[in-house]
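> I am attaching a structure below and will ask some questions about it afterwards.
The values are calculated or read from the model by the stated rules, or taken from the named source; none is laboratory data. These figures come from a predicted structure and were not determined experimentally. All Cβ positions, glycine included, derive from the backbone under ideal geometry; neighbour counts span all protein chains shown. When the accessible area is computed, the model is the full protein with side chains, heavy atoms only, and any ligands, DNA or RNA have been set aside. Shrake-Rupley method; radii C 1.70, N 1.55, O 1.52, S 1.80 Å.
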Amino acid sequence: MKVNRFEHKITILYTLIGGLWILFSDKILYSLIIDKAKLSDYQTYKGWFYVIITAIMLFFFIRRHLKKQRDSKIVLREHQNQLEDLVKVRTELLELNIKRLKETQAHLVQTEKMASLGILTAGVAHEINNPLNYIMGSYVGLLRHYKENTFSDYPEQVGKLIEAMKTGIDRSSAIVQGLNQFSRKSDSYDEDCNVNEIVENSLIMLHNLIKSQISIEKDYNDSDIIIKGNVGNLHQVFINILGNAIQAIKSEKGTISIKTEEKESEVLITIADTGVGIPKKDLKKVTDPFFTTKAPGEGTGLGLSITYNIINEHKGKLEFESEVGKGTTVRIVLPK
Amino acid sequence: MSDKIKIIYIDDEEMNVMLFQINFSVSYEVYTGYSGLEGLKLLEKYPDIKVVISDMSMPEMNGIEFIREAKEKYPEKKFYILTGYELTGEIQNAIKSGLIQKYFRKPFDMREIEREINKL
């Protein structure tokens, strides 16, 4: 920092020049001018001379100083512009990163959905093969009867064959409908969601994962429960929770009980399993993204995190209660 | 009636059992049951049964578990699986080890099954 400021400099210089002028100018004038009568005239010229010289000096001095200031202002402005540009670039980069992050997140959510869909495919294939088997059985029998009159003495057999075809078609179409509901893409949270039907659909899709030693106890609300929400997402919720319940049962025998209740202003769905349970230290973390107790490749750790988000978007609540060795109870509360 | 080949069909789905019964009764004498345990009882009751066809996924005892137990008692009988699933490792092993002759897919192919039985 310069202590020698401009105002000090100029004052000192002016005083110096003025003082020296006063001290020496008259002496010089006296020694040069012989005609003493004209002395007062010369003194006036000398005054003018002094004023002009100091004015010129002041002019250059101030100009020099201001130029410095102006230059630094320009540099400052350039610097500022550069800074602004930098901030702009950084902001754009950040926005791009946020956009990428959002895309990745959406991709992950979709991956999780596809992963659960992959698990379900085998189950659904089997589920559809069964009613197809009815239709095939019916076709084979009816074709033979048509060609050879096989069952002419047993008309009730023909009736059974026709009935079987209808059952087969109805069941396949119910399964396909269930699948469509799960995979349908809709952002609306204003769809009519039949809770019992969604739970039942989810069970159909999980059918092949439900091992023979697991018994499912259903205690559904007597009348249909219809809430406003997103049908596809609610399917994902129940497939995730029921899927976890199935995976938790590792011993010889186990039970999964499902209860749906309609209260005054809310709907309560309780899913309890008699599986391995969740340790206390893990219970708080189960809805954290990427938290998983499953082996790599078996779970993404996103299932319950997504479930939690979906329930949140429905303005509902998701509660877990668990005891190691006894099992886990999941309570889902959804507003009506 | 007695000159017909006797076969057992086990499936936990009533509709499948009924259709199998109607279709295969034309050419064979068919006994049916809804579980592996019922299958074992039928085998005990009708010793001249030649062929056993079983569904795979059933409660309590799956098709392979049932056949493993049955094959121990009746190694001369021919066993088959009829399943709606793709070929699983369990079924593959059962074919390799000679526990079952073959596996049929649902929806079933009547001619394929008849051809297999008539070979015997």
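> Full extension from A:GLN213 to A:LYS326: what is 0.36 nm times the residue separation minus their Cα-Cα distance, to one decimal in nm?
39.0 nm
> While we're looking at this one, here's another question. For the stretch A:6-88, compute the number of Lys pairs whose alpha carbons are separated by less than 17 Å, excluding pairs fewer than 8 positions apart on the same chain.
Taking the Cα cut-off of 17 Å, the pair count is 7.
> State the answer as a single residue: which of B:ASN23, B:ILE8, B:LEU99 lies farthest towards the positive end of the charge dipole of chain B, with beta carbon charges of +1 for Lys and Arg and -1 for Asp and Glu, about the Cα centre.
It is B:LEU99.
> A follow-up question, please. Looking at A:LEU334, A:ILE311, A:LEU161, which one has the Cα that reaches farthest to the positive end of the dipole of chain A (charges on Cβ: Lys, Arg +1; Asp, Glu -1)?
Going by the charge dipole, the pick is A:ILE311.
> At 222 nm, what value in deg cm²/dmol follows for chain A if DSSP H runs of at least 4 each add -39500 (n - 2.57) and the sum is divided by all its residues, to the nearest 500?
-22500 deg cm²/dmol
> Just to make sure I understand: if all protein chains stay in place, what is the order of A:ARG90, A:ARG171, A:ARG5 by accessible area at 1.4 Å, largest first?
In descending accessible area the options line up as A:ARG90, A:ARG5, A:ARG171.
> Report the dimensions of the stretch B:6-118 along its three principal axes from the alpha-carbon atoms, largest first, rounded to Å.
Cα extents, longest axis first: 33, 29, 28 Å.
> State the antiparallel share, in %, of DSSP beta bridges confined to the protein assembly as shown, rounding to the nearest 5.
50
> What length, rounded to one decimal in nm, is gained on full extension from A:GLU313 through to A:THR44, with 0.36 nm per residue of separation minus their alpha-carbon distance?
87.4 nm
> Just how far, in whole angstrom, is the stretch B:1-55 from the stretch A:226-298 if you go by their alpha carbon centroids?
Each part's Cα centre sits 40 Å from the other's.
> Kindly provide the Kirkwood hydrodynamic radius of chain A in Å, to one decimal, from all pairs of distinct alpha carbon atoms.
Averaging 1/r across every pair of different Cα atoms and inverting gives 28.1 Å.
> With a 1.4 Å probe and all protein chains in place, put B:LEU82, A:LEU16, A:LEU142 in order of accessible area, largest first.
If we order B:LEU82, A:LEU16, A:LEU142 from most to least accessible, we get A:LEU16, A:LEU142, B:LEU82.
> Considering only C-alpha atoms, what is the centroid distance from the stretch A:306-336 to the stretch A:23-63, in Å?
About 100 Å separates the Cα centre of the stretch A:306-336 from the one of the stretch A:23-63.
> Filter the trypsin sites (Lys or Arg not before Pro) in the stretch B:23-120 down to the DSSP loop ones having no more than 10 other Cβ atoms within 10 Å, then list what survives.
B:LYS119
> Here's another thing I want to ask about it. Within 10 Å of each candidate Cβ there may be at most 11 other Cβ atoms; applying that plus a DSSP loop requirement, which GluC sites (Glu not before Pro) in the stretch B:82-120 survive?
The qualifying sites are B:GLU86.
> Continuing with this model, one more query. Please work out the FRET efficiency for the pair A:LYS68 and A:ASP288, using the Cβ-Cβ distance as r and a Förster radius of 60 Å; give the result to the nearest 0.05.
Taking R0 as 60 Å, the efficiency between A:LYS68 and A:ASP288 is 0.50.
> Throw me the Rg/Rh for the stretch A:237-276, computed over C-alpha atoms with Kirkwood Rh, two decimals.
That ratio equals 1.08.
> Placing one identical point scatterer on every Cα of the stretch A:186-336 and ignoring solvent, what is log10 I(q)/I(0) from the Debye formula at q = 0.20 Å⁻¹?
-1.37
> Convex hull volume of the Cα atoms in the stretch A:6-88, per residue, in Å³?
With only Cα atoms used, the stretch A:6-88 gives 77 Å³ per residue.
> Oh, and also: In Å, what Rg and Dmax follow from the Cα atoms of the stretch A:67-221?
31.7, 120
> Let me ask something additional. Output the relative contact order of chain A, whole-number percent, from Cα pairs under 8 angstrom with separation of 6+ residues.
12
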